[in-house]
Amino acid sequence: MGQTKTNNFSLQYAFEDESVPGTLPLTPIWKLLEPNGIPQYGVEIDTVERTPISKRRQRRKGKISDLSSTVEIEHDVTLDPLEDFASAFLVADWQGTPPQPILSCDADSFTTANNGVTMPVGSLVHVRGMVNPANNGVHIVNGSPSATDTPVSTSLVAETAPATAVIERAGIRAAAGDLQIDSAGNLISTTLNFTSLPLQPGQTIWIGGLAPANQFFQQANAGTNFGYARILILTANKLTLDHKTSVFVTDDGTSTGSGGTARAIDLFFGRFLRNVDVDSPAYAERPIHFEGAYDNLLAGGATGYEYAIGNFANELTLTLPETDKATMTFGFIGINTEEITNSRKTGAAAALNPIRTDSFSTSTDIARIRVMEADENGLGTCFKNLSITFQNNVEPEKCLGTLGSPFINLGNFFVNMEATLMFTEAEVITAIKENDTISMDFAIDNDDGAVHFDIPAMTLGGGAREFPVNRSITVSLTGEAFGDTVFDASMLVSLFPFVPV
């Protein structure tokens with residue numbers, strides 16, 4: 001009896017050597033994916049046939065003329081793959097303090113390898129992936145931290161860390177009374193030097209902690225001075241802010257907002273990503289290796305491994321449907337897909353399982369979503385659905401004498417929006433007709449962290465309305481982003497390991 005075949009399949013990825021697309025580094029880090037679907041994986045072969053004029057009235061055997069290698073993945077929005085693939089699609093490196101792998105912890109500190117990263121005293125750090133629950137979550141750095149040791153005020157349970165455990169800088173707790181909100185609604189300090197923090201203009205931050213002692217007075221008592229805010233201008237003792245979640249009013253950082261017991265305000269941030277010019281130090285073309293594993297495919301029941309190599313990020317679509325979960329579709333164009341084999345590449349057998357696997361509900365996990373004019377006047381806040389597409393317009397280059405695409409070109413970076421909104425603001429039609437510059441942002445958060453997407457400048461199109469019986473009128477919009485005059489970017493992404501919601 002022949003070996004029974006199955007349809008079991010798994011997919012994982014590793015970043016390649018950026019200088020040699022199609023080639024893995026000496027010690028690649030493989031990560032497992034959990035796709036909902038894989039519309040395309042592997043090669044598509046083109047042939048040219050011979051159809052001569054002949055009394056035989058038949059074709060002759062054709063020749064292979066081209067090979068195209070593509071990978072397309074449908075996946076729930078979860079933070080592990082989104083973090084990696086966002087960098088590939090925006091063709092840039094994340095800015096800020098990267099997560100540090102944990103080796104172990106004792107009763108009051110975490111030990112890491114020496115990567116030259118020291119978490120300063122007063123930092124809020126977030127730990128994930130440890131076995132003991134008490135070791136995970138947010139901690140405050142104290143004592144004498146170093147590049148290999150991060151002491152914290154929390155009581156920990158000693159353990160050797162799993163391979164996926166990391167510690168990441170999540171923010172800072174300022175000295176009591178040091179942070180204030182000025183009369184213009186900006187964040188100011190007396191001692192804290194904002195330029196010493198891993199922050200950049202365009203980045204979104206979160207102001208205010210979980211406890212009243214770490215919040216501005218108005219957060220606990222008037223519902224203002226907290227939540228997301230974008231850094232417009234960054235100076236040593238002042239963050240000029242816009243795109244705020246709540247109204248910001250004057251507060252001197254005390255228990256009454258104008259005199260009283262000083263409060264130690266929490267400021268949360270993570271890492272920041274934006275599309276950049278090709279000559280920027282942050283510009284990074286990040287080709288990817290994919291491994292597809294076909295269970296029980298080869299002789300004797302052996303697993304077959306198929307490697308799609310030299311894949312460049314072509315198109316990413318984030319979709320937020322009504323009363324559902326957020327999903328994302330990744331499309332890559334590659335150099336080649338190699339023959340199926342029974343042997344694996346370096347490190348593939350030790351692929352890391354995802355840790356941040358919580359999906360995002362489009363009913364409960366959207367922190368904010370809005371389209372607005374330059375003066376932040378909202379053009380619509382009740383979205384029925386939304387999709388954002390990043391396009392790199394990747395084009396493979398063909399050469400005589402070579403099958404496949406030995407070179408891949410990245411084209412211009414486009415960000416496009418499609419949305420349906422309740423028709424509650426007539427100004428949205430005016431914005432379309434007058435080709436106004438508007439902006440859009442949305443934030444999603446869950447127990448794994450938060451991510452904030454910001455399109456700083458775009459024009460609207462569409463405007464078609466629907467008049468459903470017994471339901472509200474809706475308007476369909478399209479949007480095309482362009483490099484704005486402040487940040488010169490089409491997309492700004494801020495990733496938080498933790499926000500206090």
Normalised per residue, the volume inside the convex hull of the alpha-carbon atoms of segment 79-188 in Å³ amounts to 139
Please give the direction-averaged projected area of the C-alpha convex hull for segment 118-166, in square nanometres with one decimal. 3.2
Out-of-range pairs (alpha-carbon distance over 27 Å; input Lys238/Lys433; Lys244/Lys384; Lys31/Lys325; Lys244/Lys325; Lys31/Lys398; Lys63/Lys398): Lys238/Lys433; Lys31/Lys398
Glu434-Val48 pseudo-label distance in nm [points 7 Å out on the Cα-to-Cβ vector]: 5.6
How do 435-448, 333-346, 302-315 rank on mean C-beta neighbours within 10 Å, highest first? 302-315, 435-448, 333-346
Dipole of the chain (Lys/Arg Cβ +1, Asp/Glu Cβ -1, origin at the Cα centre): which of Ile388, Ala282, Ile438 lies farthest to the positive side? Ile388
Is there a quick way to get the dipole size of the chain? I mean about its Cα centre, with the Cβ of Lys and Arg at +1 and of Asp and Glu at -1; what is the value in debye to the nearest 20? 1360
Which cross-chain or sequence-distant (5 or more) residues have an amide H under 5 Å from the amide H of Thr254, H modelled 1.01 Å from N in plane? Phe217, Gly259, Arg263
What is the Cα coordinate range of segment 1-157 on the first, second and third principal axes, sorted by size from largest, in whole angstrom? 91, 45, 28
Using a Förster distance of 35 Å, the FRET efficiency for Arg368-Phe407 (Cβ separation, nearest 0.05): 0.25
Pull up all non-local amide H partners of Phe360: gap of 5 or more, or a different chain, and H-to-H distance under 5 Å with H placed in the peptide plane. Val77, Ala326
For segment 417-480, what Kirkwood radius comes out of the mean inverse Cα-Cα distance, in Å? 13.2
Calculated from backbone phi, Karplus (6.51, -1.76, 1.60) coupling profile of segment 96-105 in Hz, x at Gly/Pro: x, 8, x, x, 10, x, 8, 8, 6, 9
Under a point-charge model restricted to the Cβ atoms of Lys and Arg (+1) and Asp and Glu (-1), what is the dipole moment magnitude of segment 266-350 relative to its Cα centre, in debye to the nearest 20? 220
For segment 489-501, what does the Karplus curve 6.51 cos²θ - 1.76 cosθ + 1.60, with θ = phi - 60°, yield as ³J(HN,Hα) per residue in whole Hz, taken in order and with x for Gly and Pro? 9, 9, 8, 10, 10, 10, 10, 10, x, 7, 9, x, 10
Karplus ³J(HN,Hα) for segment 420-428 (6.51 cos²θ - 1.76 cosθ + 1.60, θ = phi - 60°; Hz, whole; x = Gly/Pro) runs 10, 10, 5, 7, 10, 10, 5, 4, 5
So, with a 1.4 angstrom probe, what is the percent of accessible area on the chain that is carbon and sulfur? 50
Convex hull per residue volume in Å³, alpha carbons only, for segment 393-501: 225
Could you work out the mean projected area of the convex hull around the alpha carbons of segment 159-213, in square nanometres to one decimal? 6.5
Set of aspartates and glutamates near Lys345 by C-alpha distance (under 18 Å), chain-local residues within fewer than 8 positions excluded: Glu16, Asp17, Glu18, Glu291, Asp295, Glu306
Among 404-411, 274-281, how do they line up by average Cβ neighbours within 10 Å per residue, starting with the highest? 404-411, 274-281
For the chain, the per residue accessible area (1.4 Å probe, Å²) is 45
Please enumerate, by chain and number, the aspartates and glutamates with C-alpha under 16 Å from the C-alpha of Lys61, excluding those fewer than 8 residues away in the same chain. Asp46, Glu49
Around Asp358: net Lys/Arg minus Asp/Glu count, Cβ-Cβ under 13 Å: -4
Per DSSP helix of 4 or more residues, -39500 (n - 2.57); summed, then divided by the residues of the chain. What does that give at 222 nm, rounded to the nearest 500? -1500 deg cm²/dmol
What label, among (1) 24.3; (2) 25.1; (3) 30.3, belongs to Kirkwood radius over Cα pairs in Å computed from the structure on display? (2)
Under 5 Å, built H, 5+ apart or other chain: amide partners of Asp17: Thr23, Leu24
Please find the FRET efficiency linking Leu298 to Lys398, where r is the Cβ-Cβ separation and R0 is fixed at 30 Å, and quote it to the nearest 0.05. 0.40
Radius of gyration and Dmax for segment 449-500's Cα atoms, expressed in Å? 16.3, 44
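The values are calculated or read from the model by the stated rules, or taken from the named source; none is laboratory data. On a predicted model such as this, the values are computed, not experimentally measured, just so you know. Cβ: placed from backbone, ideal geometry, glycine included. Neighbour counts: every protein chain shown. Calculation scope for accessible area: heavy atoms of the full protein, side chains included, ligands and nucleic acids excluded. Shrake-Rupley method; radii C 1.70, N 1.55, O 1.52, S 1.80 Å.
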